[in-house]
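Here the structure comes first, spelled out in structure tokens, and everything after it is commentary.
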Amino acid sequence: MNVPQPLIFVVDDDASVRRSLARLLRHEGYAVETFTSAEAYLEHPAPDVPACVVLDVRMPGLGGLELQQALAGRGRVDQIVFITGHGDVPMCAQAMKAGAVDFLPKPFTDDALLEAVARALARAKTRQQKHAVRERARARLAELTPREMEVFRHLIAGLLNKQIGAALGTAEHTVKLQRGQITAKLGITAVADMVRLAQQAGVPLAAVEKT
Amino acid sequence: MVEFMEGFRDELARQWPAPVAIRMEDISPDAPADATFDAWLEQKYKNRRIDLIAALEGPGTKLGVAFRNKVRPAAPMVLAGISAGRYEVFRSLPNVTGVTIDQNVRGLLEAAARLCPGTKHLFFVSGGIKTTEEERRLWRLDAEQFAAAEGMEFVDLTGPVTFAKLLEQVRAMPPHSLLLRRDTIVGGLTRASDRTKAMQQISEAANGPLFTIADAYAEDGSNGTGTVDYRQMGKEVGAQTVAVFKAGDASAVPPVPSAAFRLSFDWRQLQRWGLDEKRLPPGSDLRFRQPGLWEAHRGTMIGITAALAVQTALIIALLLQRRWRIRAESALRQQREQLSHTLRLATMTQMASSLAHELNQPLTAMVTNAGTARRMIARGGGDPAELGEILQDIAADGQRAGEVIRGIRGMVRRGETALEIVTVAELIVGVRRMIEPEARARGCLIGEEIAPGLPTLEVNTVQMQQVLLNLLMNAFDAMESAGSAARRVVIRAEAEGDATVCVSVRDFGPGLPPEGAEKLFEQYYTTKVHGLGMGLVIVRSIIEAHGGSLGAANADGGGARFYFRLPAVRRVAT
């Protein structure tokens with residue numbers, strides 16, 4: 001199986017720093033792409049493979065923290081390792097709260113950087129996996145009609161067919177028929193599995209009121 | 001004798017209309033009477049006209065009388081400087097008059113007696129090889145008579161004794177003794193200084209105060225010295241001579257007493273013997289009084305001191321003025337440098353964080369590169385080519401760090417006031433290098449519009465850099481809240497005619513406040529949350545110190561434009 005090579009993006013306006021980081025990371029076996037500004041990185045599409053960004057905080061134009069916000073606004077989940085010439089505590093706290101992997105003051109040791117990068121990549125990998133799973137689950141659930149989706153929700157809430165019928169204002173028989181459809185489409189019979197699928201898809205579990 | 005002659009001549013010139021030729025024959029007291037000398041004198045004046053013979057004091061009188069007898073018996077004679085008693089001896093001679101002075105011994109003794117009340121013994125010593133027995137006898141007579149009148153024992157120590165013996169004798173004087181000395185003693189001493197020294201020894205040894213009759217004042221340890229003011233005497237003799245000329249016969253002119261006798265007292269000796277200076281006769285001199293220089297010459301002293309004081313005051317005033325001016329100038333300069341330094345520091349503080357960041361970049365790269373190289377080597381020897389590259393990068397970054405530090409040092413150094421010739425371009429390049437980190441940190445772009453062929457400036461480079469830095473920082477501050485697109489600063493430089501260069505810093509911020517630019521220049525007025533607000537005041541003072549002017553206006557298209565004009569200088573073509 002072809003293991004996708006982890007990709008690391010380096011974003012720093014200083015040429016020496018860029019060069020030295022790229023050299024180190026490449027030597028460690030990573031694929032590296034460098035950017036001179038946050039804007040340039042923003043224009044680059046999100047990678048398919050697990051990736052992380054080594055991002056300088058202070059840059060002319062869009063700064064590192066602003067980039068973090070911009071990415072979040074676009075729904076991207078880039079794993080960021082911040083590096084900075086400033087040891088600014090409020091800045092660091094803000095970055096971490098917003099989901100950064102780490103915040104390294106310059107000059108950092110190569111060990112510290114590589115460790116943070118490894119963590120970031122692991123997180124990225126996990127996320128990507130989770131994302132893949134979610135997407136798959138969602139894709140599966142998308143097969144259901146809206147009516148079937150409603151039944152599904154009530155099923156994962158733990159309701160019996162009769163109760164679902166009462167809740168939805170349909171006959172129990174209809175519910176039974178719909179349940180059959182769900183099972184066929186999703187390939188799942190047990191409610192427990194449905195629950196898990198719902199969780200994977202990110203569907204809230206307590207969707208209905210019990211009567 | 002010089003003084004006598006001066007007095008004599010002056011008086012003659014004053015009183016007698018026709019010029020008078022004066023021949024003087026000075027007989028040294030030390031020279032013994034000499035038959036050869038007499039014959040020579042005779043020969044010299046045998047055929048000369050002599051209208052008058054003036055003889056001075058004892059020896060002179062003796063010689064004069066003998067001379068007249070031999071050479072010109074008909075010439076009138078004035079006998080001067082002898083006592084009245086002595087004069088009586090010659091009174092019977094024809095055609096003679098005199099200027100007598102007989103307070104010598106008497107006057108001094110009277111003063112001495114007053115100073116030393118209760119004196120019981122008067123010791124007398126006189127003589128020396130020059131005094132004749134006759135002289136000695138006469139002086140002694142005066143002293144003897146005085147002692148008798150005062151009820152004092154009179155002791156004559158004069159005689160052929162050795163100096164040592166004399167010292168013994170004066171040492172052995174009983175209490176309440178006085179020692180009177182006439183002229184020099186101690187035979188054999190021909191030099192005056194030797195005689196003075198000898199007298200000092202006597203004075204020190206004597207068991208009582210010493211008083212002296214002398215021809216001239218000498219510091220010989222005497223409490224009081226009677227001397228003759230020979231100038232005065234010369235005058236008196238001159239006057240008497242004129243009287244004789246007028247009268248035709250000296251006998252028709254009565255002898256006159258001289259007023260030339262002077263008493264001088266030595267304060268130090270008086271102190272030594274505890275003698276009261278208040279008992280001194282009026283009109284006498286008191287010498288060597290310790291604080292007394294002041295008292296004695298108080299009038300003169302005050303005058304001199306006042307004059308000096310005025311002069312000194314003047315001088316001091318001038319010096320102070322000059323020093324004040326220099327100090328004021330240097331204080332002004334110092335103040336400006338202080339402000340400049342403060343500005344630098346303020347700017348520094350603002351830039352410190354970005355400069356630290358600036359320093360961190362090369363450091364980070366160096367550390368990272370070193371780490372990479374380590375790893376390469378640890379994994380079993382790295383590629384030399386790659387390692388070489390890494391080391392090169394490390395070295396380059398080290399240099400870069402050094403330059404940043406140099407830049408910081410340059411900013412903090414104080415005290416440059418020298419002017420140098422620079423081009424506008426050079427100035428701006430230097431400033432840009434310094435402000436680059438801050439500009440990047442703030443996300444501001446700096447553009448340049450420098451006209452070609454600008455005349456050069458003669459300025460203090462550091463101060464002008466301060467000006468530009470300050471204007472740029474203000475521009476950055478003004479654009480703090482503007483979007484990235486608006487964060488632009490343009491430095492513009494153009495010539496206005498041959499003699500002026502105009503440099504401006506333009507931003508795209510909100511522009512000048514409605515109150516106008518002038519408020520901005522008011523010291524400490526600031527619209528910034530941080531920052532000193534002092535900047536523009538210093539900027540203006542620097543520009544004006546360079547002979548330029550500073551102004552501000554709103555720019556077309558938004559933002560403010562701060563501009564300054566400076567006089568230009570043409571570089572001398574080499």
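What follows is calculated from the coordinates using simple rules that are stated; it is not laboratory data. As the structure is a prediction and not an experimental result, all values here were calculated from the model. Note that each Cβ is placed from the backbone with ideal geometry, even for glycine, and that neighbours are counted across all protein chains shown.
A few notes on this one:
- Karplus 3J(HN,Hα) series, Hz, for segment A:149-160 with 6.51 cos²θ - 1.76 cosθ + 1.60 (x for Gly, Pro): 5, 5, 4, 4, 4, 5, 5, 6, 7, x, 8, 7
- The calculated P(r) of segment B:211-278, using every Cα pair and 5 Å bins from 0, goes 4, 16, 18, 14, 12, 10, 9, 7, 5, 3, 1 in percent.
- Sorting B:Thr227, A:Thr84, A:Thr145 by the number of Cβ atoms found within 10 Å of their own Cβ, with the fewest placed first, yields A:Thr145, B:Thr227, A:Thr84.
- Distance between the C-alpha centres of segment B:419-436 and segment A:134-158: 70 Å, rounded to the whole angstrom.
- Amide H contacts for A:Asp102 (H built 1.01 Å from N in the peptide plane; partners 5 or more residues away or on another chain; cut-off under 5 Å): A:Phe82.
- For B:Val155, residues with placed amide H under 5 Å, excluding near neighbours: B:Leu122, B:Phe123, B:Phe124
- Prolate/oblate/rounded label for segment A:130-211 (Cα gyration tensor, a/c 1.5): prolate
- ³J(HN,Hα), Karplus 6.51/-1.76/1.60, whole Hz, each residue of segment A:7-23, x for Gly, Pro: 10, 10, 9, 10, 10, 7, 6, 8, 5, 4, 5, 4, 4, 5, 5, 4, 4
- Fewest-first ordering of B:Tyr217, B:Tyr563 by other beta carbons within 10 Å of each residue's beta carbon gives B:Tyr217, B:Tyr563.
- Between B:Asp498 and A:Ala15, the simple spin-label model (points 7 angstrom out along Cα→Cβ) gives 4.4 nm.
- Each helix, a run of at least 4 DSSP H residues, gives -39500 (n - 2.57); summed and divided by the residues of chain A, these come to -17500 deg cm²/dmol at 222 nm.
- Rounded to whole Å, the principal axis extents of the Cα atoms in segment A:71-153 read 58, 25, 18, largest first.
- Sequence-ordered 3J(HN,Hα) estimates for segment B:239-246 from the Karplus curve with 6.51, -1.76 and 1.60 and θ = phi - 60° stand at 4, 5, 4, 4, 4, 5, 4, 5 Hz, glycine and proline given as x.
- A Förster radius of 45 Å, combined with the Cβ-Cβ distance separating B:Val2 from B:Ala149, puts the computed FRET efficiency at roughly 0.75.
- Over segment A:52-199, the reciprocal of the mean inverse Cα-Cα separation, the Kirkwood hydrodynamic radius, stands at 18.6 Å.
- Note on segment A:1-50: percent of Cα-Cα distances in each 10 Å bin, starting at 0 and stopping at the bin with the largest distance, equals 25, 49, 23, 3.
- Long-range HN-HN contacts of B:Val228 with modeled amide H, under 5 Å: B:Arg262
- Ordered by the number of other Cβ atoms lying within 10 Å of each residue's own Cβ, fewest first, B:Asp266, A:Asp110, B:Asp383, B:Asp285 fall into the sequence B:Asp383, B:Asp285, A:Asp110, B:Asp266.
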